[in-house]
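The values are calculated or read from the model by the stated rules, or taken from the named source; none is laboratory data. Computed from a predicted structure; not experimentally measured. With ideal geometry, Cβ positions are generated from the backbone for all residues, glycine too; neighbour counts draw on all protein chains shown. Note: accessible area is taken over every heavy atom of the protein model, side chains too, but ligands, DNA and RNA are not part of it. Shrake-Rupley method; radii C 1.70, N 1.55, O 1.52, S 1.80 Å.
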Amino acid sequence: MSRRTSPVIPGFGLTLGYTLVYLSLLVFLPLAGMFIYASQLSWSEFYTIISAPRVLAALKLSFGTAFIAALLNGVIGTLFAWVLVRYRFPGRKVIDAMIDLPFALPTAVAGIALTALYAPNGFVGRFANDLGIAIAYTPFGITLALTFVTLPFVVRTIQPVLADIPRELEEAATCLGARPLQVFRYVLLPALLPAWLTGFALAFARGVGEYGSVIFIAGNMPGKTEILPLLIMVKLDQYDYVGATAIGVMMLVVSFVLLLLINILQRYVAKG
Amino acid sequence: MSTTSTSPQQNSRNAPSWSRLALILSAWAMFIIFLVLPLAIVLIEALKMGVAHFFESMIEPDAISALKLTLLAVAISVPLNLVFGVAAAWCVSKHDFYGKSVLITLIDLPFSVSPIIAGLVYVLLFGAQGFFGEWLIEHDIQIIFAVPGIVLATLFVTVPFVARELIPLMQQQGTQEEEAARLLGASGWQMFWHVTVPNIKWGLMYGVVLCTARAMGEFGAVSVVSGHIRGFTNTLPLHVEILYNEYNHVAAFSVASLLLILALIMLLLKQWSESRINRQLNNGDE
Amino acid sequence: MSIYRRRLSFFTGLLLATVAVTAQAQTLLNVSYDPTREFYSDFNRAFNQHWQAQGHEALQVQQSHAGSGKQARSVSEGLRADVVTLALAVDIDELHRSGNWLAKDWKNRLPNDSTPYTSTIVFLVRKGNPKQIQDWGDLVKPGISVITPNPKTSGGARWNFLAAWAYAKQAFGSEQQAQDFVQRLYANVPVLDSGARAASNTFTNNGMGDVLLAWENEAYLTLKEHGADSFEIIAPSISILAEPPVAVVDRNVDRKGTRVVAEAYLQYLYSDVGQRIAAEHFYRPRNAAIAKEFAEQFAPLKLVTIDGFFGGWQAAQTQFFNDGGVFDQIYQEQ
C-alpha cells in the first residue's frame with residue numbers, strides 16, 4: 001500500500017509503520033481478541049443472546065435514547081451554531097467557550113451533577129415531581145444525560161460550515177423574493193446537511209456507548225432503564241463472559257459502521 | 001470572519017429583529033439549562049458545608065492518591081498519544097496511499113467504542129481467566145486491577161485526539177514548505193523540527209488539551225479494570241463515585257468540583273490554542 | 001524543545017513518586033462488599049494495633065468495596081485479594097469453581113462456617129412511616145414504591161429476595177403463590193441499583209421510594225448518618241439470617257507470602273475486640289456474651305436460615321438467581 005505523492009517528503013515508512021504498530025497493539029489486537037472470544041459462539045447462539053428480551057429492551061433503550069438525544073442536539077446544536085456564527089451579542093464568547101464543557105467534564109461528574117439536579121428531591125426534579133413528571137430513573141433522564149454529554153458534537157461540526165456559507169447567497173435569495181423559511185430550506189439546508197449528519201452520527205455513536213454519566217441517573221431496571229453498556233457490566237459480574245462479549249461485538253460493529261458512514265459523508269462533502 | 005461591518009445590508013441584518021432576539025434568548029436559555037445548571041449544582045453541593053470542609057475533602061489521603069494516579073495516567077498516555085498523533089497525521093496528511101480512509105476510520109474507532117468495551121477487551125486479554133491470564137500469573141505480572149491496566153484503558157480511549165486535530169490542519173497546510181526545506185538541503189529531522197513543528201504547534205497543543213481532558217475524566221473503561229482498591233487503583237472520577245456511594249456527598253462533590261475546575265482550565269487552554277491556530281492560518285493565507 | 005524535556009522530567013519525577021508511595025510497608029488487600037466500608041476501616045485500625053503489639057511491623061490494609069458478586073468476579077479475574085469478606089457463601093464458592101483460588105472446604109477453616117458476624121434484612125421507611133408499612137405484605141400494595149438492589153449483582157439484594165420469598169412461602173404455602181408475591185413486589189420497584197450502597201443512596205439522597213429493603217447494619221448506619229429525624233427502621237414479622245462469610249484466598253496469599261497475617265486478620269474478627277467493633281457497626285456478633293452486651297440495639301426477629309429454609313446457597317442460587325431462574329422469570333413476565 002504505497003503510492004507517494006511527493007518523494008521529497010520523508011518519513012512515510014517510519015510514520016506509517018509506527019502508526020500501524022501502535023494501533024495494532026493498543027486497539028486492534030484487543031478488539032480482535034474480543035472477536036476471537038465471541039467466535040466460540042455459533043450464529044444461532046449469538047442470535048439467541050442478542051434477541052433475549054432483556055438484551056432487546058436494552059438495545060431499544062440505548063439506541064432509542066441516543067437517537068432522540070442526537071436529534072435534540074440536532075436542533076439545539078444548530079441553534080447554538082447559528083447564533084454563535086451569525087450574531088454578536090453579550091456573552092457570545094462565554095457560550096462559545098463553554099459549549100465544549102460536556103466533553104472536558106468527566107462523565108462521572110456529569111452523572112452525579114445531573115442526578116442531583118433531576119432526582120425527585122433535586123433542584124429541578126422537585127418541581128417536576130410536583131407536576132407529576134419523573135425525570136431521573138426514567139428513559140427521559142437517560143436522554144437528558146446523553147443530550148448533555150453529546151452537546152458539543154453538532155455545534156462543532158456545523159459551526160465552520162455555517163461560517164463558510166457566503167451571506168450573499170441568502171441575500172440573493174431574499175432579493176429574489178424567498179421567505180426566510182424558503183431561504184433556510186433551499187439555501188442553508190443543502191449546504192449544512194452533510195455537516196449536520198456528521199455531527200448527528202458522532203453524537204449518536206457516542207450516546208450509544210456512554211456509561212459514566214448515565215448509570216447514576218438511569219435507575220438500571222432490567223428491561224426498562226438498563227442501557228447496553230450496563231448490561232455488559234451486569235453480564236460480566238455474573239461470569240457470563242460470552243454474553244458480555246456478544247453484546248460488545250454487536251456494539252462495536254455498529255460503531256464501526258457509523259464511523260465509516262461519517263467518513264464517507266465527509267469525503268462526499270470534500271468532493272462536494 | 002470579519003468583525004467590522006460597514007455595508008448597509010449588514011447593518012440592517014444586525015439590527016435587532018424579533019426572530020434574532022428570540023434565537024439569542026433561546027440560546028441563552030439552553031445554555032443556562034444544559035450547561036450552567038449542572039456546573040452550578042456541583043459547586044453548590046460542594047460548598048454546602050463550608051469552604052473548610054471543601055478543602056478538607058481534597059487533601060484527604062485517598063483523594064491525594066487518586067489525584068496522583070490520575071496525573072500518572074495522564075502523564076503516560078498523553079505523551080504516547082502525542083507521538084502517535086504526529087506520526088499518524090504525518091503519514092495520512094503528507095502522503096497518499098491506498099486504504100487511507102480505512103486507516104483514518106480505524107484511528108477514530110476508539111472514540112466511538114463504548115468505554116465499557118475498552119475495559120472489557122483488556123479483561124478478556126489480561127484477566128486471570130483471559131488469554132494471557134495464566135502466563136501473567138506465572139510470571140507474577142499484574143496488569144488489570146493495577147496501574148498498568150488503568151494506563152492501558154486510558155491510552156485506548158484517548159488514542160484519536162491528537163491525530164484527529166492534526167490531520168485536517170496538516171492537510172490544509174499542504175507540503176510546499178516541507179518540500180522547499182528539503183530542496184534547500186535540510187535533513188528529514190531538521191525539516192520536521194524547523195518547518196513542520198512550528199506550523200502545527202498550536203494544533204498539537206489543542207490535541208494535547210483534548211487528550212488530557214479525556215484522560216483525566218475517563219470513567220467507564222477505567223472502572224472495569226480498576227478493582228477499586230482504595231488509595232491505590234482509584235482515579236479521581238472513581239474516587240468521586242466511591243465518595244458518592246459512601247454517603248459522603250459533600251466530599252464527592254468537592255472532588256467533582258476539582259475535576260470541574262481542571263476541565264475549565266482545559267477549556268481555557270483549548271480556547272487559547274484555537275485562537276492561535278486561527279491567527280496562524282489567517283497569517284498563512286495572506 | 002526544552003519545554004518538552006522539562007515536562008518529561010516532571011512526569012518521570014511524578015512516576016517515581018508514585019512508585020515510592022506504593023512500595024512501603026507490608027500490605028494486605030481485603031476485598032469486601034458494599035456496606036462494610038465503615039466497619040472494616042475501624043477494624044483495620046484495631047487489627048493493626050494488635051498486630052504491631054505482637055511485635056510485627058506496621059501493616060497497611062487496603063480495602064475494595066462493591067457489590068458482592070462483582071467483587072468475587074474481580075478476584076477470579078486476578079484482583080490480588082489476600083482475604084475476601086463477602087455477602088454470600090455462594091460468591092466465595094465461585095472463587096473455588098473458577099480458577100481454584102481457594103480450597104473447596106474454605107468454610108470449615110473458621111468457626112460458624114466462616115461467618116464471624118451475621119445480619120438480617122429490615123425495612124427503612126421515611127419518618128413517621130407515612131405509608132404505614134409494617135410487614136412484607138404491605139410492600140405489594142398498589143402505590144408503594146420499594147427500593148432494593150439487583151439480586152444478580154448484589155449480595156444484599158439476594159438476601160432481600162429470599163427474605164420476601166420466605167415470608168410469602170410461610171404466609172401462602174405454595175411456591176407459585178410465593179412467586180406471584182415476589183413478582184408483585186418487584187413490580188413496585190422503580191430503581192434496581194447494582195449494589196446495596198447505591199440503593200440506599202437512591203432512597204436517602206435522591207428521595208426515591210417509600211421503603212428501602214436494607215441490611216440491618218446499613219439501615220442503622222443510615223439513621224446515624226442522616227439523623228433519626230428523617231427515617232425509621234421497621235422490623236418485619238419474619239426475616240432471614242444473613243451470614244456474610246470470610247475466607248483467605250489461598251492462591252494469592254501463597255504467592256505474596258501473606259498467609260500468616262491474612263489468617264491472623266480473619267481470626268481477629270472472632271476476638272472480643274473484633275466482635276465488639278462488628279456490633280458497634282450494627283452487625284450481630286456471633287459471640288454470645290458480646291451479643292448480650294448489645295442486645296438492646298437489635299430487635300428480636302423471627303429469622304429463617306439459608307440452610308434450613310432453602311437447602312443451602314447452591315440450591316437457592318440455581319432456583320432463583322441463575323439465568324432463567326425465578327428472578328429472570330418474574331422480569332420476563334412483566
**Q.** Between A and B, accessible area buried - total, square angstrom, nearest 100, 1.4 angstrom probe
**A.** 8800 Å²
(Q) Which order do you get for A:Tyr18, B:Tyr206, A:Tyr186 if you rank them by accessible area with a 1.4 Å probe, largest at the top? (A) A:Tyr186, A:Tyr18, B:Tyr206
Q | Long-range lysine pairs (8 or more apart or interchain), chain C, Cα under 19 Å | A | 6
Q) Cα convex hull of segment B:151-286: how many Å³ per residue? A) 115 Å³
Q: Give me Rg over Rh for segment C:187-274, both radii from the alpha carbons and Rh done the Kirkwood way, two decimal places.
A: 1.12
Q: Could you pull the accessible area for A:Arg92 with a 1.4 Å probe, rounded to 10 Å²?
A: 40 Å²
Q: Treat chain A as a sphere of radius equal to its Kirkwood radius over Cα pairs and apply Stokes-Einstein at 37 °C in a medium of 0.692 mPa s; give the translational diffusion coefficient in µm²/s, rounded to a whole number.
A: 153 µm²/s
Q | Calculated Rg and Dmax of chain B using C-alpha coordinates, Å | A | 23.4, 79
Q. Accessible area, 1.4 Å probe, largest first: how do B:Lys68, C:Lys152 sort?
A. B:Lys68, C:Lys152
Q: Would you mind working out the magnitude of the charge dipole of segment C:45-94 relative to its Cα centre, with +1 at each Lys and Arg C-beta and -1 at each Asp and Glu C-beta, to the nearest 20 Debye?
A: 180 debye
Q. Hey, in the GNM for chain C with a 10 angstrom Cα cutoff, which one of C:Gly67, C:Gly207, C:Gly156 fluctuates hardest?
A. C:Gly207
Q.
At 1.4 Å probe radius, can you tell me the per residue accessible area of segment B:117-215 in Å²?
A. 38 Å²
Q) Between chains C and B, what is the buried accessible area summed over both chains (1.4 Å probe, protein heavy atoms, nearest 100 Å²)? A) 3100 Å²
Q: For every helix of n ≥ 4 consecutive DSSP H residues, a contribution of -39,500 (n - 2.57) applies; sum these over chain C, divide by its total residues, and give [θ] at 222 nm rounded to the nearest 500 deg cm²/dmol.
A: -14000 deg cm²/dmol
Q: Counting only C-alpha contacts under 8 Å and six or more residues apart, can you give the relative contact order of segment C:117-178 as a whole percent?
A: 21 percent
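Relative to the Cα centre, what is the charge dipole magnitude of the protein assembly as shown, using +1 at the beta carbon of each Lys and Arg, -1 at the beta carbon of each Asp and Glu, and rounding to the nearest 20 debye?
Approximately 2300 debye in magnitude.
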Q. What number, in nm² with one decimal, is the all-direction average of the projected area of the convex hull of the alpha-carbon atoms of segment C:121-267?
A. 10.7 nm²
Q | segment A:89-167: relative contact order in percent, alpha carbon pairs under 8 Å with at least 6 residues between | A | 29 percent
Q | Rounded to the nearest 10 Å², the accessible area of A:Asp237 at probe 1.4 Å | A | 10 Å²
Q: Would you mind working out the magnitude of the charge dipole of segment A:150-248 relative to its Cα centre, with +1 at each Lys and Arg C-beta and -1 at each Asp and Glu C-beta, to the nearest 20 Debye?
A: 160 debye
(Q) Starting from the Kirkwood Rh over alpha-carbon pairs, what translational D in µm² s⁻¹ does segment A:152-258 have by Stokes-Einstein at 10 °C and 1.306 mPa s? (A) 93 µm²/s
Q | At least 50 Å² accessible surface lost relative to isolated chain, residues of segment C:171-200 (1.4 Å probe) | A | C:Leu192
Q.
Out of the total accessible area of the protein assembly as shown (probe 1.4 Å, heavy atoms of protein only), what percent is carbon and sulfur?
A. 62 percent
Q. Using the alpha-carbon centroid of each, what span in Å lies between segment B:55-121 and segment B:131-165?
A. 12 Å
Q) Long-range amide H contacts for C:Leu28: which residues qualify at under 5 Å (H placed 1.01 Å from N, peptide plane, sequence gap of 5 or more or a different chain)? A) C:Gln60, C:Val61, C:Gln62
Q: Any chance you could check the Cα centroid distance between segment A:135-211 and segment C:268-334 for me, in angstrom?
A: 55 Å
**Q.** Listed residue (B:Ser93, B:Ala52, B:Val74) projecting farthest to the positive dipole end of segment B:34-115, Cβ model
**A.** B:Ser93
Q) If you count the DSSP beta bridges with both ends in the protein assembly as shown, what percent of them are antiparallel, to the nearest 5? A) 55 percent
Q) Largest first, how would C:Lys256, C:Lys292 line up by accessible area (1.4 Å probe)? A) C:Lys292, C:Lys256
Q) Taking a probe of 1.4 angstrom, what is the accessible area of C:Trp106 in Å², to the nearest 10? A) 0 Å²
Q: Would you tell me the mean number of C-beta atoms belonging to other protein chains that fall within 10 Å of each C-beta in C:68-77, as a whole number?
A: 6
Q) Across peptide B:236-248, how many C-beta atoms of other chains are within 10 Å of each residue C-beta, on average? A) 6
(Q) Among C:Trp215, C:Val261, C:Ile92, whose Cα projects farthest towards the positive end of the dipole of chain C, with charges put on the beta-carbon of Lys, Arg (+1) and Asp, Glu (-1)? (A) C:Val261
Q. Roughly how large, in nm² to one decimal, is the mean projection of the convex hull of the alpha-carbon atoms in the protein assembly as shown?
A. 40.1 nm²
Q: Please give the per residue accessible area of segment A:147-268, computed with a probe of 1.4 Å over protein heavy atoms only, in Å².
A: 36 Å²
Q: Just the Kirkwood number for segment C:128-203, please: inverse of mean 1/r across all distinct Cα pairs, in Å, one decimal.
A: 12.8 Å
Q. Mean residue ellipticity at 222 nm from the helices of chain B, using -39,500 (n - 2.57) per DSSP H segment of n ≥ 4 over the full residue count, to the nearest 500 deg cm²/dmol?
A. -24500 deg cm²/dmol
Q: Can you tell me the order of C:179-189, C:123-133, A:60-70, A:172-182 when each peptide is scored by its average per-residue count of other Cβ atoms within 10 angstrom, highest first?
A: A:60-70, C:179-189, C:123-133, A:172-182
Q | Per-pair calculated FRET efficiency, R0 = 56 Å: C:Gln329 and C:Asp42 via Cβ, rounded to 0.05 | A | 0.85
(Q) As a test of the formula, what do you get for chain A when each DSSP H run with n ≥ 4 contributes -39,500 (n - 2.57) and the sum is divided by the residue count, at 222 nm and rounded to the nearest 500 deg cm²/dmol? (A) -23000 deg cm²/dmol
Q: Among B:Gly149, B:Ser112, C:Leu192, flag the residue with its Cα farthest along the positive direction of the charge dipole of the protein assembly as shown, charges on Cβ as +1 for Lys/Arg and -1 for Asp/Glu.
A: B:Ser112
